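For reference, the structure discussed in these notes is given below.
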Amino acid sequence: MDGAQKPSEKRLRQSERRNQILLELKLRPHIRITEMAQRFGVSTETVRRDMDRLSDDGLIERAHGGATAGRYYPDFHQRSQDRLEERRAIGRRAADLVRPGDTVMIDSGSTTVQLARFLAFAETPCTVVTNSLTVAMTLGQSPAAEVILCPGDYHVSEAAVVGTDTVEYLARYRVDRCMIGASGLTQDGITEAVRGFAAVKRAMLAGSETSHLLIDSGKFGRRGLSQVGGLSGLSCVVTDRAPEGDLADALATGGVGLEIAR
């Protein structure tokens with residue numbers, strides 16, 4: 001038994017540590033770096049890097065000496081009941097932009113589900129990569145759509161997967177276009193409030209030749225917790241009403257097109 005590692009000395013892998021951090025934040029509002037370092041038997045710098053990565057992925061909110069679980073944001077079901085007619089119109093217009101044979105990344109959201117519905121109704125031949133179980137099930141009803149569902153950590157309230165595995169999986173693909181939603185849009189760019197979604201959107205934008213943001217006008221001027229990126233990464237915005245003021249100027253300056261759903 002000489003040289004054998006005792007059970008108490010067993011070190012968790014990086015992914016296991018990060019999952020434990022997420023689990024702990026479901027049980028209490030704040031955890032400290034020093035406490036986690038002692039529990040895992042690693043340095044405080046290692047835990048700090050873990051927390052920084054989870055924060056970059058939008059899964060936690062960094063706080064002095066540790067991390068918190070983040071702020072409240074309405075879940076998928078709650079958002080699905082709001083501005084339904086606007087989101088249906090946006091989904092219908094976005095579906096018209098998908099050409100037969102296109103490869104498409106679609107992220108999770110109440111508006112992107114409307115896009116999936118209209119693609120399924122139209123039986124548009126396409127290959128879709130998504131992190132949303134709802135999008136996957138909706139498009140799965142179409143005989144013309146091939147659906148690829150990402151792996152990852154299941155986000156119960158959003159019926160979607162997020163995390164490092166999801167982002168790394170998306171990085172394997174290069175597609176014709178992506179269709180993403182967002183919590184807010186300002187002249188500074190796209191923001192997201194749901195934990196883990198910002199990193200997924202960045203991966204989809206990076207892997208797409210053409211990028212479309214599906215967002216209703218009620219989110220103009222809003223800012224979410226996590227920055228997804230600037231306006232330069234967008235090809236066009238699909239919305240129900242043309243923006244005004246600084247946002248309109250910034251979109252025009254950045255060469256971002258507008259598709260107004262009627």
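Here are the numbers for this structure:
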| read-out | value |
| --- | --- |
| Odd one out for GLY189, checked against (1) closer than 22 Å to ALA89 by Cβ; (2) under 16 Å from the mean Cα position of the chain (by Cα); (3) not hydroxyl-bearing (Ser, Thr, Tyr) | (1) |
| SER208 being touching a Lys or Arg at 6+ places or on another chain (Cβ under 9 Å), free of Cβ contacts under 8 Å to residues at least 60 places away in the same chain, farther than 19 Å from SER110 by Cα and in the same structural domain as THR130 (by TED's automatic domain parsing) | no |
| Those residues of the range 71-107 which are at pLDDT below 95 and in a loop (DSSP other than H, G, I, E, B), in sequence order | ARG71, TYR72, TYR73, PRO74, ASP75, GLN81, ASP82, ARG83 |
| Considering residues of the range 219-262 that are within 25 Å of ASP96 (Cβ to Cβ) and among the basic types (Lys, Arg) only, the residue surrounded by the fewest Cβ atoms within 10 Å (Cβ to Cβ) | ARG262 |
| Residue within the range 6-14 that is closer than 23 Å to PHE197 by Cβ and modelled with pLDDT under 90 present | yes |
| Spans of strands (runs of 3 or more DSSP E) in the range 117-168 with at least 1 residues surrounded by fewer than 20 Cβ atoms within 10 Å (Cβ to Cβ) | 126-130, 145-149, 153-155 |
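The values are calculated or read from the model by the stated rules, or taken from the named source; none is laboratory data. The structure displayed is predicted, hence computed values, not measured ones. Backbone-built Cβ (ideal geometry, glycine too); neighbour counts: all protein chains shown.
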